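Some notes on the structure that comes next.
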Amino acid sequence: MTPCEARPPLTSPWRLGSLELDNRLVLAPLAGIGKWFVRLQAKRYGAGLVVSEMVSSHGLVRGNERTLREFLRIHPDEHPVSIQLFGDDPAVMREAAAIVQTAGADAIDINMGCPVRKVCRAGAGAALLEDPDRAVALARAAVEGSGLPVTCKLRSGLVPGDRSGVALAHRLAAEAGVAGIGFHPRHASQQHKGRPDYALAARLCEELSVPVVLSGGLHDDERVLAAWQEVGAEAVMLARGALGNPWLFARLLGRYEGEPSPAEVFDELERVIAGAVELMGVERADHYLRKFYPWYAERLRPYFPKSLRTRLCEAATVADARAVIEELRQRAAALRAAA
Ligand SMILES: Cc1cc2nc3c(=O)[nH]c(=O)nc-3n(C[C@H](O)[C@H](O)[C@H](O)COP(=O)(O)O)c2cc1C
């Protein structure tokens, strides 16, 4: 794409290998978050493709019961869904990819960008930038093992100035048969901080023969639309911007205007709570859901003072959260009645 070429609307369809996707918005892979009910939420608000949290290829192949039951749980209404795998061994990746295909995934993404030490020390995630032959073999194994469209999600490099991610993207497209590249133009040592290098991403989009999905810094409507114009990617991935904020998808697709009402926020949070309880039981959900409350409390900022929002953020259990939600629902109703 040349910079002056008109960009297609975010609502237009595109292809990822054999998959036809309805629009240009993708829910990014989010470790510890992107479970079936979070993906289904993004889908209900319009996401054209949803990607799972990262799943260990070794865990799948070992047949770890929780890995299979929780990580491969796909809701019938969330398709098309891509399951993200991480790993270091092509033979294991091939087998894991076949398991993912059998579980009903529409695509597979391979994590080649995670900077977390535990993942990198095992030769997976961003460590693959230092071992491009292995990275290509992993992607090829996933393609052959699953028969599904396979994408790889890459960083620009490991440290400032390093462009090993760009070089690897070219090799994956040319040698591994990947259907697309997810590109997060921050180097791994930046983790998730700092401005992504959109100029670098734009060059990659121009050069690469397969679609590039842009990730990084896409936190609100303005930034998504600006990056969409600037970079020339085939699609964009919403990550932190979508946490507790599925309305971002709907607004960008022209299906929603403004900010959600308290009732809409509570309804969504209650769905998330119900999904987590169903998937992992109340005791684990008590702990797991604590990170979700501040994201939803943020959406309540226009309606409730900090003291009340803090009570939601500090809910220790599912029961506490439900009680706070009920109380805030009643307060909102009383305010509406008085208005
Ligand atoms: C809590 C959290 C978990 C993440 N988990 C994953 C993951 O499992 N796999 C992956 O490829 N990227 C993961 N990422 C990176 C995101 O997909 C995305 O590339 C990154 O957040 C940059 O986008 P943003 O600036 O719009 O948030 C994660 C990011 C965050 C904040």
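Taken together, the values in this text are just the output of simple stated rules run on the coordinates, not laboratory data. In this text, all values refer to a predicted model and were calculated from it rather than measured experimentally. Here the Cβ is made from the backbone with ideal geometry for all residues, glycine too, and neighbour counts use every protein chain on show.
Just to confirm the filter: which trypsin sites (Lys or Arg not before Pro) across segment 99-155 are DSSP coil and have at most 16 other Cβ within 10 angstrom of their Cβ? Counting only loop positions with at most 16 other Cβ atoms within 10 Å, none of the trypsin sites (Lys or Arg not before Pro) in segment 99-155 qualifies.
Quick check on segment 14-252: take the gyration tensor over C-alpha atoms, sort the square-rooted eigenvalues as a ≥ b ≥ c, and tell me if it's rounded (a/c under 1.5), prolate or oblate. In terms of gyration-tensor shape, rounded. Can you give the angle from 0 to 90° between the axis of helix 132-146 and the longest principal axis of the chain, with both taken from C-alpha atoms, to the nearest 10? So the helix axis and the longest Cα principal axis differ by about 70 degrees.
By the Kirkwood approach, averaging reciprocal distances over each pair of separate Cα atoms, segment 71-111 gets a hydrodynamic radius of 10.5 Å. So what does the Cα-only Debye profile of segment 262-338 read at q = 0.14, 0.21 Å⁻¹, as log10 I(q)/I(0), no solvent term? For the requested q values the scattering log ratios are -0.41, -0.87. To the nearest 10 degrees, how steeply does helix 90-102 sit against the main Cα axis of the chain, on a 0 to 90 scale? Once rounded, one gets 50 degrees. On a 0 to 90 degree scale, rounded to 10, what angle separates helix 262-288 from the longest Cα axis of the chain? The two axes meet at around 70 degrees.
In order along segment 318-332, phi translates into HN-Hα couplings of 4, 4, 4, 4, 5, 5, 5, 4, 4, 5, 5, 4, 5, 4, 4 Hz, rounded to whole numbers, per the Karplus curve 6.51 cos²θ - 1.76 cosθ + 1.60 with θ = phi - 60° and x for Gly and Pro. Positive end of the dipole of segment 14-252, charges at C-beta (+1 Lys, Arg; -1 Asp, Glu), about the Cα centre: which of V178, P90, V55 has its Cα farthest in that direction? Most positive-ward Cα: V55. What's the longest bit of the chain with no exposed GluC sites (Glu not before Pro), using DSSP loop states and at most 10 other Cβ atoms within 10 Å as the test? Longest gap between qualifying sites, sites excluded: 6-256.
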